[in-house]
Amino acid sequence: MDEILIRELEKELMTNYSESDAKQLLAHVNNFFKNQLDKDELALIVSDIIEMERINEN
Amino acid sequence: MKINLIHIKSKNLRCPDVEINFQKNNKTNFIQMPNGTGKTTLINLIKNTLSNSWGNINEFKNKKTNAAEGLFVLKLEVDDDTLDDITFRIKFDFISGKEHIFTTTNQTSEKTGFHPPKNIRSFLTQDHIKTFLFSGDALDDYFIDSEQTAKKTIDTFSGITKLYQLTKELEIQFRAMMRGKIQGGTESLRKREDLLERREVQIKDGLDSCQGKLDSILPEWSRLKNIIDSRDDVTEDMNLKIDNKLEEIDDINKKIYANEAILAEMSKNLYSISTAWSSQSKSFLDNLAAAKLPGTSRSFFNDIAKQEKCICGDEMTKEKSSIIIDNAKDYLGDDDAGIVNTIKTTNEEALLSSSHDEYLNEIENLKTIKKDKDTLVQDYNDLIFDRDQNSSIQQEIEKFRNLNIKKSELEKAIKDLRKNDDETLAIVKNKDPINISSDFGIKNALTLVRDKIAEKEGYEEYLKKLNKFKEILEVSSVNARNQIFKEITNSVNEKISSSHQDKSFRIESINDSLKIENQGGGSGGQEVTAVTCFALSVLERSGIAFPMVIDHPVTPLQNAARPAISEMLKDLCEQSICFIIDAEKPGFVTKISEPNNFHDYLNDNVGIYTIYRTDDDVQQPLNPPSEENISYKGSNGIVTEDKEFFTNFSLSQEN
């Protein structure tokens, strides 16, 4: 993943989620880039997304 | 990380049998192949092997020999701190139409399948490969906005394409996880909730009204009750009689409950209730006994075989008896008989323990007791009448009775409005709100509809959250792409400036396509330069130096524009492999003014290869290379690294 893309992604996630949630989501994205994820691993990402509260609704 | 193509080999395929070992120090390589030799086949073999993408393999079949099998081998050297060699061997089975790929690394023995090392695996896709393996005479797409080739290339290498793939996979997973949840609007459910809430208000109003009426009569009722309870115009004897009567009624009620319990227990045996049932069952059991059934059918036939006369009336001969015994083996087993016996035994026991007369007696007893109770109640009412008829508080008593009836009615109404035991969740689920009569029923119905709304709104809330995450990926991608466009534009211009003599030639911008400054489009040379520099910049950014494999690098270019391209490839590429035809040599490989001499900058570290067919029906070079200058001689092709032969090579059939 290009460094600029990582930076932009991190910035957007940090704006919209708490720091720990943003880091968790970034870790999921990195994992997706590095590994072929199975259904359970994708389900874990979806679960995290729907459980996390956004801090910026706009 | 640097990747070099170090070996290719083909056998029994549409291109000639070839084997080339690329020297590591040769940064620039020229492979000269006449048109019609199978150049495109060879390039496609490289392309498809690197991405492991195979369509119809018949395009690689040698139509002349119709060989059933073919082979292609490609070897890469990956320099990433440590040196790794990876070999892909593809065996073509043209009979089954299938290819079989095998992978070997210097750390693992040959394994079936496509197993590139993890560090380069993500780059070996069709989209990645077309960036460093392209045709110089088909670059138009890079300069047409609608094709979005530049954008697609940057998306592929930056990871933006992979982010979109993540979005799609998450959507699919989300739908799978939400399967069965409610989708769509909540309007109809909200409408029902509204109707139920209105009904709830009506019931509450009803309750309040009843409670209000009850509250309004209770003080008077209490006052009257106190007066009656504290009355002193009743004799002790009368009170005793009334108390005794109440006790008798209480006792007789107990008798009624006991009798009802006995009848309930007796009702479990249906033969006690109905003589018709018991006589039918008895008759059935008698028939079974007479027929010696169930027993087993086998024993039934065995018994018949022992009789003097057959069941049909004929004499039972030994022969007949023997046949019946033999055939009896095919009939009922013990298990079947066991089931029938269980039914039989259960029914026999039920019949034995049943007593219709006792049942009738208990019914009669109950009737008698109830009659006795009615008498007692009447006696009690008479006593009350006697007690009250001459009382000084007769009016109060009458008023109290009326109020008490009213109070009971109101209490019952309140009880019914609060709870109707029949209005369970299952009953009120689809019931019209107006027909629900209790607060209990309304609350059940509201619970159901609110659960559904919550479920539906939960789905929508989840979807909103997923969409927000997708939007974050999208915004990040757009922002990143715009910045990468600028950085790649700068990188391309740096490369052009360091390798191109025309200092006015620059890339104005990169977005969907490459835009050459001050021009609607570039010249052929500029386009090749721009695309090559673009590909190199993108690869450089990805941290991987792939070999640039270019087919027809300078076909559309005038000779004068060609040296800049070969010089640029020499200066900028870690490894370049150019597939050319004879006509591309002037200016590109050899000096324009001295066609027999290479450019000075191509005198060292350059790989020179000429491949031509040796089939009988193909024109052969007038001066073939000497045996010692032949690098590889296959059944239908020659590979030579002879520089002089390369320079002079020309076949009249070329165009």
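Any read-out appearing in this document is the output of simple, stated calculations on the displayed coordinates, not a laboratory observation. All values derive from a computational prediction rather than experimental measurement. Quick reminder, even Gly has a Cβ in these numbers, built from the backbone with ideal geometry, and neighbours come from all protein chains shown.
Here are some notes:
- Scattering curve values for chain B, log₁₀ I(q)/I(0), Debye with Cα scatterers, q = 0.05, 0.07, 0.10 Å⁻¹: -0.62, -0.72, -1.05
- Chain B: calculated mean residue ellipticity at 222 nm from DSSP helix runs of at least 4, using -39500 (n - 2.57): -18000 deg cm²/dmol
- Value of Rg to Rh for the protein assembly as shown (Rh from inverse mean 1/r over Cα pairs, i.e. Kirkwood): 1.35
- Using θ = phi - 60° and Karplus 6.51 cos²θ - 1.76 cosθ + 1.60, couplings along segment B:50-59 (whole Hz; Gly, Pro as x): 5, 9, 6, 10, 10, x, 7, 6, 4, 5
- Database remark: amide H of B:CYS578 closer than 5 angstrom to the amide H of B:ASN29, B:PHE30, B:ILE31, B:ILE550 (H placed geometrically; neighbours at sequence offset of 5 or more, or on other chains; Pro and chain starts carry no H).
- Each Lys and Arg adds +1 at its Cβ and each Asp and Glu adds -1 at its Cβ; summed about the Cα centre, segment B:135-199 shows a dipole of about 900 debye.
- Shielding score for B:480-493, defined as the mean number of other chain Cβ atoms within 10 Å: 2
- Taking amide H as placed 1.01 Å from N in the peptide plane, the amide H of B:HIS7 sits under 5 Å from that of B:PHE22, B:LYS75, each at least 5 places away or on another chain.
- For the listed peptides B:486-497, B:401-412, a ranking on the average number of other beta carbons within 10 Å per residue, highest first, reads B:486-497, B:401-412.
- Amide H partners (placed H, <5 Å) of B:SER509, local residues excluded: B:LYS515
- The string of couplings for segment B:252-268 from the Karplus curve (6.51, -1.76, 1.60, θ = phi - 60°) is 5, 4, 4, 4, 4, 4, 5, 5, 5, 5, 4, 5, 4, 5, 5, 5, 5 Hz, one whole number per residue in order, with x for Gly and Pro.
- Across peptide B:151-157, the average count of Cβ atoms from other chains found within 10 Å of a residue's Cβ is 1.
- Members of B:LYS245/B:LYS407; B:LYS2/B:LYS152; B:LYS431/B:LYS464 lying beyond 29 Å, as alpha-carbon distances in this model show: B:LYS431/B:LYS464
- Shown in residue order for segment B:601-609 are the 3J(HN,Hα) couplings computed by the Karplus curve 6.51 cos²θ - 1.76 cosθ + 1.60 at θ = phi - 60°: 6, 10, 7, 10, 6, 10, x, 10, 9 Hz (x for Gly and Pro).
- Calculated on alpha-carbon atoms, Rg and Dmax of segment B:48-127 in Å: 13.9, 46
- The C-alpha atoms of segment B:260-370 occupy a region whose extents along the principal axes are 73, 28, 14 Å, arranged from largest to smallest.
- Segment B:1-39 versus segment B:535-604: alpha-carbon centroid distance in Å: 16 Å
- Number of partner chain Cβ atoms within 10 Å, mean per residue of B:164-173: 4
- Dimensionless Rg/Rh of segment B:602-655 - Kirkwood Rh, Rg from C-alpha atoms: 0.97
- Leading residue at positive end of dipole, the protein assembly as shown (Cβ point charges), from B:SER576, B:SER51, B:GLY587: B:GLY587
- Our note on the geometry: Cα centres of segment B:99-168 and segment B:363-436, 87 Å apart.
- Estimated dipole of the protein assembly as shown in Debye, rounded to 20 [Cβ of Lys and Arg +1, of Asp and Glu -1, Cα centre]: 1480 debye
- Only one residue of B:ILE323, B:ALA337, B:ALA289 has its Cα farthest out toward the positive end of the dipole of segment B:260-370, where Lys and Arg carry +1 and Asp and Glu -1 on Cβ, and that residue is B:ILE323.
- Projected onto their three principal axes, the Cα atoms of segment B:190-332 cover extents of 103, 65, 19 Å, largest first.
- For A:ASP48 and B:ASP421, the FRET efficiency from 1/(1 + (r/R0)^6), where r spans their Cβ atoms and R0 equals 35 Å, is about 0.15.
- Cα centre as origin, Lys/Arg/Asp/Glu Cβ charges: segment B:1-121 dipole, Debye: 400 debye
- Between B:ASP502 and B:ARG190, the FRET efficiency from the beta-carbon distance, with R0 = 56 Å, is close to 0.20.
- Relative contact order [Cα under 8 Å, 6+ residues apart], segment B:260-370, whole percent: 39 percent
- Listed by chain and number, the lysines placed with their C-alpha closer than 28 angstrom to that of B:LYS268 are B:LYS254, B:LYS255, B:LYS282, B:LYS344, B:LYS367, B:LYS370, B:LYS371, B:LYS373; residues fewer than eight positions away on the same chain are left out.
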